[in-house]
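Input: a single structure, listed below in C-alpha cells.
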Amino acid sequence: MRLVTFVDKTTKEQTGLLLGEHILPLAAAVQAAGIDVDVSSVLAIVRGGAESIRLLAGLVARAGEFRPICVAVNTVRLLAPIPDPLRNIFCVGRNYVDHIKEGMPGKPSEVTLPEVPQFFTKATHTVNAPHGDVRLDTAITSRLDYEVELAVVIGKGGRDIERAQAFEHVFGYCVANDITARDLQRRHEQWFKGKSLDSTFPMGPSLVTKDEVPDVRELGLSLHVNGELRQQAKVAQMIFDIPAIIASLSAGLTLEAGDIISTGTPSGVGYAMTPPHYLKHGDEVLARIDGLGELRNRVVAV
C-alpha cells in the first residue's frame, strides 16, 4: 500500500491510498465499507499496526467499487505522508563510504570509517511536502546543500531491538532529502542547527508499506539539480544497514510507532564538488528512489 496525506479544493487535510494516478480518500472509503479503523492520519494508521494494514488491504482488493469517490493525483496537493511527526527525525550521518571520502579530498590515508552509526536529529518543523518550496534564507545561510536519503518509518515500537527482529518493527519507506546549511553545520560545530531550518526535509510522495519492497537493499537512489545528475547509489552500499541502524538506535532508547529514520546520503553532495555547488534561488531538486517515487522541490530565496 501507498499511503498519502493530501489537501483538495476544500483545503481539508485528508488521508488516502495512492492507486496509480488516483487517490482513494480513506475516510469516505471506510465509511462506505462499514469497517472500523482510524484513518484520521497516516500516523494513526501506522499506530494501528497489523490490524490497520489488514483492513486497508481489503479496501485495495475492492478498489474498483470505490472508483466513483477517487480523485486524480493532479487535482490535489500532496503533503508529506506524516506532515507533523511527534518527535524529531532520527538521522544517520556518514553512512556511505564514497560520501565519507569526498569530504576528505586528497587525504585517502586518513579516511576512517565509523565504528557505529552516527546519529543526529532534525526538528519536526523541517518536514516539507514532496513538491513544496524549500526556503533559502539568505540572511542565515549561503551554503544550502542537498542529500537524497531513504527514510524508514517505524511501525512497532520497542527498545533493545535485535538485528534479527529489526524488520518486524518497520512499517514502510519513503524518499527524503536531508537539506543542510553547511555553513551553520560547521559554525556551530554540531549538526542540529544546520540540519533544522524550516522546510529542509521534503519527504514522500507516499509512505510505501514494506510488503511492497521485496529487497530494500536493491533500491537505487538518485538526485538531480536542474536536470544534472549529482547523486546515484544503491541502498546496499550503506555502511550500516537498516537492521544495524535500528539495533543501535534502539539500544536503551525506546522507538515509537511513527518514528522516522533517515538513513544517510551517498556521494555527490554540493559542498564536495570543485568548486562547491550550493543550491540557489530557482534551482529544482529532483530526489528519486526506485519503486518509492520522487520529490521535486524548488529553492526559493527569502
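Compared with the alpha-carbon gap, the fully stretched path from residue 290 to residue 125 is longer by 56.7 nm at 0.36 nm per residue.
Taking each residue as 0.36 nm, the span from residue 228 to residue 162 lengthens on full extension beyond its C-alpha to C-alpha distance by 19.7 nm. Helix-only estimate, please: 222 nm mean residue ellipticity of the chain, summing -39500 (n - 2.57) across DSSP H runs of length 4 or more and dividing by its residues, to the nearest 500. Roughly -5000 deg cm²/dmol at 222 nm, from the helical runs in the chain.
Calculated FRET efficiency, residue 28 to residue 256, Cβ-Cβ distance, R0 = 35 Å: about 0.75 to the nearest 0.05.
Taking the DSSP beta bridges with both ends in the chain, the antiparallel portion is around 90 percent. From the alpha carbon centroid of region 245-259 to that of region 131-200 is 16 Å. With θ taken as phi - 60° and the coefficients 6.51, -1.76 and 1.60, list the Karplus ³J(HN,Hα) couplings across region 78-83 in order, rounded to whole Hz; mark glycine and proline as x. After applying 6.51 cos²θ - 1.76 cosθ + 1.60, I find 6, 9, 4, x, 10, x Hz. If the elastic network links every pair of Cα atoms under 10 Å, which of 97, 175, 285 fluctuates the most in the Gaussian network model of the chain? Among 97, 175, 285, the largest mean-square fluctuation in the Gaussian network model of the chain belongs to 97.
Taking 0.890 mPa s as the viscosity and 25 °C as the temperature, the Stokes-Einstein diffusion coefficient of region 2-79 based on its alpha-carbon Kirkwood radius rounds to 197 µm²/s. In the chain, a dipole from Cβ-located charges (positive for Lys and Arg, negative for Asp and Glu) runs towards its positive end, and of 103, 172, 261 it is 103 whose Cα lies farthest in that direction. Of the residues 287, 68, 276, the one whose Cα sits farthest toward the positive end of the charge dipole of the chain, with +1 on the Cβ of Lys and Arg and -1 on the Cβ of Asp and Glu, is 276. Would you work out the charge dipole size for region 2-79 about its Cα centre, treating the Cβ of every Lys and Arg as +1 and the Cβ of every Asp and Glu as -1, and quote it to the nearest 20 debye? My answer is approximately 140 debye.
Rounded to the nearest 20, the Cβ-based charge dipole of the chain about its Cα centre (Lys and Arg +1, Asp and Glu -1) stands at 440 debye. Spin-label pair residue 62-residue 11: with each label point 7 Å from Cα along the Cα-Cβ axis, the two points sit 3.4 nm from one another.
Only the coordinates and a few stated rules stand behind these numbers; no lab work does. Given the structure is predicted, the values throughout are model-derived calculations rather than measurements. Virtual Cβ from ideal backbone geometry, glycine too; neighbours counted across all protein chains shown.
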